[in-house]
Structures are given as structure tokens and as C-alpha cells.
Amino acid sequence: APVTFYSPAGGLGACGPAIADTDMVVALRKELFESFNTANPLNQNLNPLCGTQIVITSKDVVGAQPVTATIQDSCVGCQGDHGIDATPALCTAVTGQADCLQQGTFQVSWSFV
């Protein structure tokens, strides 16, 4: 799955809480995120995925270790059916790159914990 990177800079995520660039947080592709919230489609703060953890492993880094992140947001611009968006701290943990926002897209595998 493709992973892109964003800087929430303390803004509110789809789940409600503010997200810092230093948080190990991920945003799921909007359509995938919303597909889990059939009971409350007008209030994504109640999405059952909010607070759920996923494990992410880079496919681009040899010997990459899995990293755990928490779903707190949705992503309109995520690529592919299972695309995700990661905070700068999560990006660095997954890819080892210090300046992920300039790097573009990486390939990862991810699964729910």
C-alpha cells in the first residue's frame, strides 16, 4: 500500500482529538475509513476505527522493523484502496528518513493489530 506523509501540526483529526507532528498517528484513505462507520455515517468521531492500532512495515527499507500507529484521521488524497497518510514522527520511524514530507510516497504493508 502506498503511504504519503502530512503535517497535522496540532489540527483536529477525523476522530476528534488534535494530532501533533510527533504523534505516531495514521490517517486511512477516506473511503476505507468511512466504510467502517455504518452506524454513525454523519459523525466520524464515532467511527469504530478511531483509536485502533495498525502495524506498518516499509517495503522500501531493507530490514525494516514493524511500527505500531494509531488511527486518528482520514485522508482524502491517499493513493490506492488501502493508502495511508503518516505524521512526520511515524514516517521517520517507518522509513528512517528525517524529512519525509519532501520524500514523496513509500510502499508499506500494514494490518490491524
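Of all residues in the range 22-36, how many are in contact with a helix residue (DSSP H, G or I) (Cβ under 6 Å, 6 or more places away or on another chain) and surrounded by 17 or more Cβ atoms within 10 Å (Cβ to Cβ)? The number of residues fulfilling the criteria is 1. Restricted to the range 83-101, and to residues there that are part of a loop (DSSP other than H, G, I, E, B) and either β-branched (V, I, T) or at pLDDT below 90 (or both), the residue that is nearest to V26 (Cα to Cα) is T87.
Answer yes or no as to whether I56 is in a strand (DSSP E or B), touching a helix residue (DSSP H, G or I) at 6+ places or on another chain (Cβ under 7 Å) and free of Cβ contacts under 8 Å to residues at least 60 places away in the same chain. When the stated conditions are applied, I56 passes them. Of G80, G104, G51, all but one fail to be under 12 Å from the mean Cα position of the chain (by Cα) and at positive phi; the exception is G51. Could you tell me whether the range 27-42 includes any residue that is among the hydrophobic types (A, V, I, L, M, F, W, C) and closer than 18 Å to A89 by Cβ? Checking the range 27-42: at least one residue is among the hydrophobic types (A, V, I, L, M, F, W, C) and closer than 18 Å to A89 by Cβ. Does F33 satisfy being among the aromatic types (F, W, Y) and modelled with pLDDT of 95 or more? Spelling it out, F33 is indeed among the aromatic types (F, W, Y) and modelled with pLDDT of 95 or more. The single condition among (1) part of a strand (DSSP E or B); (2) in contact with a Lys or Arg (Cβ under 9 Å, 6 or more places away or on another chain); (3) not aliphatic (A, V, I, L, M) that G80 does not meet is (1).
Run down P8, P48 and say which single residue is buried (at least 17 other Cβ atoms within 10 Å of the Cβ) and part of a loop (DSSP other than H, G, I, E, B). From the options P8, P48, the qualifying one is P8.
Can we say V113 is more than 20 Å from G10 (Cα to Cα), exposed (fewer than 12 other Cβ atoms within 10 Å of the Cβ) and touching a Ser or Thr at 6+ places or on another chain (Cβ under 7 Å)? Taking the combined requirement at face value, the residue satisfies it. Would the range 55-62 turn up any residue that is modelled with pLDDT under 95, closer than 26 Å to Q107 by Cβ, among the β-branched types (V, I, T) and surrounded by 17 or more Cβ atoms within 10 Å (Cβ to Cβ)? Scanning the range 55-62 turns up no residue that is modelled with pLDDT under 95, closer than 26 Å to Q107 by Cβ, among the β-branched types (V, I, T) and surrounded by 17 or more Cβ atoms within 10 Å (Cβ to Cβ).
The values are calculated or read from the model by the stated rules, or taken from the named source; none is laboratory data. None of these values were measured; they are calculated from a predicted model. Cβ coordinates were reconstructed from backbone atoms using ideal geometry, including for glycine residues, and neighbour counts include every protein chain displayed.
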